[in-house]
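Trainee: Please read through the structure below; I'll follow up with questions.
The values are calculated or read from the model by the stated rules, or taken from the named source; none is laboratory data. In this text, all values refer to a predicted model and were calculated from it rather than measured experimentally. Positions of Cβ are generated from backbone atoms using ideal geometry, with glycine treated the same way; all protein chains shown enter the neighbour counts. Side chains are part of the model used for accessible areas, which takes the heavy atoms of the whole protein and leaves out ligands, DNA and RNA. Shrake-Rupley method; radii C 1.70, N 1.55, O 1.52, S 1.80 Å.
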Amino acid sequence: IAAPAPLLALAVALRVLNCVLVRTSFVPDEYWQSLEVAHRMLFVILNIHNYGYLTWEWANSLRGYSYPLIFASIYKVLQLLGKDDVQLLIWVPRLAQAVLAAFADVKLYLLVQHLENAETAKCVFFCQLCSWFTWYSCTRTLTNTMETILTIFALSYYPIKGSKMGNSCKYLALVALAIVIRPTAVILWMPLVFSHFLQEQRKADLILQNCIPVGLVTVGTSLIIDRVFFGEWVVVQLNFLKFNVLRNLGTFYGSHPWHWYFTQGLPVILGAHLPFFIHGCVLAPKRYHIFLVAVIWTVVVYSTLSHKEFRFIYPVLPFCMLFCGYSLKHLKAWKKSAASFLLLSNLLPALYTGLIHQRGTLDVMSHIQQLCHNSDQSQAFVFIMMPCHSTPFYSHVHCPLKMRFLQCSPDLMGNANYTDEADVFYSNPPGWLNKEFYNDTLLPSHLILFNVLEQEISPFLALRGYEKTATVFHTHVPQGRVGSHIAVYRRKAEMNH
């Protein structure tokens, strides 16, 4: 079934608007596992500029280069066109992600239209478009976003009962691609692939003609890409699973109780869709039970890992939307008011999280970008004194400025009393600063910090001649080391010389 052009145009227009209306930061991985890596791949490996930064995951081969390669290719095209301006480097990858998300929305519509009818498809499409969490996440350069988009594409070729669009080779290739980009995608697809295998008459053909060739091509391609950029043969997917699952080192980034996804994770990302999801699960015909099994199974498996985040279960949202749309269609007399309720109740969280909450760490980058155009760029030294990876880095600056931030790599050696640099700093900021910058020649020209730190280090700032040049709003709900505003300090010129 071909996509009707007006529908596709509507989806693309909405997702581009979506992209423009998301000006906040969500998690560091949005930049540090994609754009920063892509920026370094292109500009450092090709010896164009000698700057860039890779996090500890890359030093330990836990991540693969397949996903950042997409953005590095975009950067390369911009560079060949002579358009590698910092604003384009920031926005073009996000716009590309937005267009992909729009195609995924349409794929979901076509799948439901094929399995049910146009009316149900419209309801599912509507639920998908007004989901606040999808709005918040679908235009971000996160591996979770790409995993979710590929999951929708794979779903549209999944051989479910009554589907004539089922195509084992296509859906398995998309699943394999999702697993290469984010190895945990294997969790969601386990029950679906297993169910397909049980239903399949020609089991040997499925394995020999589809699974094995698809597996060899995708894994082989991913191995070659990683061989090129790591300079040695590595299987990053195994390293990733070993680190996150077997050694459970993800707890370094915080841990939550086992029930968190059921009591907070899923209810929050579903938001106002929750009652419709439950209603849809009750109504949906038996052949959709496998989708519900996939949702529950994924949430249960993720619940066993102590480090939990909202974005980890983002790929189950499209499945939930199928049930929500099914519910909406069956609310005959109430359909209009239910739709209005869904739209209005999702609009506020979507706009608030997209435009206001946690926007400072992106807004402050424009202050750093300005230093690239100053005559004394070589003298500038920016120190980001914030919880580590709070801001993007060179992908949002795009000039060889001297920059540094507080490190926070986890202990991979098993030292009992290991403390990362950020924790050492926060245990005694004035002491750390005086020890680190014992000599005035070592001092940064610019400091960027959350306002919660200002009081504590004010003697250091005064003594070393720093003056505040800007205050940037960040969030209405400051927590711990994260303040409501970000302060930019510059060392006075006469102190610099």
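Trainee: Report the gain in length on full extension from Leu412 to Leu95: 0.36 nm times residue separation, minus Cα-Cα distance, nm rounded to one decimal.
Mentor: 110.5 nm
Trainee: Moving on to the next point. Relative contact order (percent) for the chain, with alpha-carbon contacts under 8 angstrom and 6 or more residues of separation?
Mentor: 17
Trainee: Let me ask something else about it. Could you calculate the contour length gain from Cys399 to Leu17, that is, 0.36 nm times the residue separation minus the distance between their Cα atoms, to one decimal place in nm?
Mentor: 134.6 nm
Trainee: Right, here's the next one. So for each of 71-83, 287-299 I average, over its residues, the number of other beta carbons within 10 Å; can you give me the resulting order with the highest mean first?
Mentor: Taking the mean over residues of other Cβ atoms within 10 Å, the ranking is 287-299, 71-83.
Trainee: No partner Cβ under 4.7 angstrom, meaning no disulfide-compatible partner by this rule: which Cys of the chain qualify?
Mentor: Cysteines lacking a close Cβ partner in the chain: Cys19, Cys123, Cys130, Cys138, Cys169, Cys211, Cys281, Cys320.
Trainee: Assuming R0 = 51 Å, what is the FRET efficiency of Ala59 and Lys286, from their Cβ-Cβ distance, to the nearest 0.05?
Mentor: With R0 = 51 Å, the Cβ-Cβ based efficiency is 0.55.
Trainee: Among Pro459, Ala72, Val299, whose Cα sits farthest toward the positive end of the charge dipole of the chain (+1 at Cβ of Lys/Arg, -1 at Cβ of Asp/Glu, about the Cα centre)?
Mentor: Val299
Trainee: Which value, in Å³ per residue, describes the convex hull spanned by the Cα atoms of the range 5-356? Could the numbers behind the result be given before it?
Mentor: Working: hull volume 51.1 nm³, N = 352.
Once divided by residue count, the hull of the range 5-356 is 145 Å³.
Trainee: Please report the carbon-and-sulfur percent of the accessible area for the range 218-375; probe 1.4 Å, protein heavy atoms only, DNA, RNA and ligands left out.
Mentor: 70
Trainee: Taking Lys336 as the anchor, which aspartates and glutamates have their alpha carbon closer than 16 Å to its alpha carbon, excluding any fewer than eight residues away along the same chain?
Mentor: List returned: Glu119.
Trainee: So what J values fall out for the range 58-66 if you push phi through Karplus, 6.51 cos²θ - 1.76 cosθ + 1.60 with θ = phi - 60°, rounded to Hz, Gly and Pro as x?
Mentor: Calculated HN-Hα couplings, in order: 7, 5, 9, 6, 8, 10, x, 8, 4 Hz.
Trainee: Return the long-range amide H neighbours of Ala470 (sequence gap of 5 or more, or a different chain), with a cut-off of under 5 Å between placed amide H atoms.
Mentor: It is Val488, by chain and number.
Trainee: Along Cα→Cβ, 7 Å out, is where each label goes; now give me the distance between the ones at Glu454 and Leu216 in nm to one decimal.
Mentor: Inter-label distance under the simple model: 6.4 nm.
Trainee: Quick one: if you stick a label point 7 Å off each Cα along the C-beta vector at Thr263 and Gln79, how many nm between them?
Mentor: It works out to 5.0 nm between the two label points.
Trainee: Then there's this: Could I have the simple spin-label model distance between Asn439 and Ile278, label points 7 Å from Cα toward Cβ, reported in nm to one decimal?
Mentor: For Asn439 paired with Ile278, the spin-label model returns 6.6 nm.
Trainee: Pick out, in residue order, every one of the trypsin sites (Lys or Arg not before Pro) in the range 294-357 that is DSSP loop and has at most 10 other C-beta atoms within 10 Å; say none if there are none.
Mentor: Those satisfying the criteria are Lys332.
Trainee: Excluding residues fewer than 8 places away in the same chain, name every one of the aspartates and glutamates whose C-alpha is closer than 17 Å to that of Lys286.
Mentor: Excluding near neighbours in sequence, the set is Glu116.
Trainee: Another question, then. Can you tell me the FRET efficiency between Ser378 and Val186 if r is taken as the Cβ-Cβ distance and R0 is 41 Å, rounded to the nearest 0.05?
Mentor: Efficiency, rounded to the nearest 0.05: 0.30.
Trainee: Okay, moving on. What are the residues whose amide H is under 5 Å from the amide H of Lys402, where those residues sit 5 or more places off or on another chain and H is modelled from the backbone?
Mentor: Val382
Trainee: Also: Hey, if you put +1 on the Cβ of every Lys and Arg and -1 on every Asp and Glu Cβ in the range 171-249, which of Val180, Leu241, Leu208 ends up farthest toward the positive end of that dipole?
Mentor: Among Val180, Leu241, Leu208, the one farthest towards the positive end of the dipole of the range 171-249 is Leu241.
Trainee: Can you say what percent of the DSSP beta bridges in the chain, counting only those with both residues inside, are antiparallel? Round to 5.
Mentor: 60
Trainee: Kindly report the accessible area of the range 5-356 per residue (heavy atoms of protein chains, probe 1.4 Å, no ligands, DNA or RNA), in Å².
Mentor: So the range 5-356 comes to 42 Å² accessible per residue, rounded to a whole number.
Trainee: Moving on to the next point. Can you bin the range 154-210 into rounded, prolate or oblate? Criterion: square roots of the alpha carbon gyration tensor eigenvalues sorted a ≥ b ≥ c, rounded for a/c under 1.5, prolate for a/b above b/c, oblate for the rest.
Mentor: Verdict is prolate for the range 154-210.
Trainee: Moving on. Students often check this: by mean Cβ neighbours within 10 Å, which of 19-25, 121-127, 472-478 ranks highest, and how do the rest follow?
Mentor: The densest-packed peptide leads the list: 121-127, 19-25, 472-478.
Trainee: Then there is this: I'd like the distance separating the alpha-carbon centroids of the range 280-325 and the range 341-388, in whole Å.
Mentor: 33
Trainee: Hey, if you put +1 on the Cβ of every Lys and Arg and -1 on every Asp and Glu Cβ in the range 192-348, which of Leu274, Cys320, Trp334 ends up farthest toward the positive end of that dipole?
Mentor: Ranked along the dipole, the leading option is Trp334.
Trainee: Another one. So in the range 359-491, what percent of DSSP beta bridges are antiparallel if you round to the nearest 5?
Mentor: Here the share of antiparallel DSSP bridges comes out near 60 percent.
Trainee: Can I ask one more? For the range 479-487, take each phi angle, set θ = phi - 60°, evaluate the Karplus expression 6.51 cos²θ - 1.76 cosθ + 1.60, and give the result in whole Hz per residue in order, putting x for glycine and proline.
Mentor: 9, x, 7, 9, x, 6, 10, 10, 9
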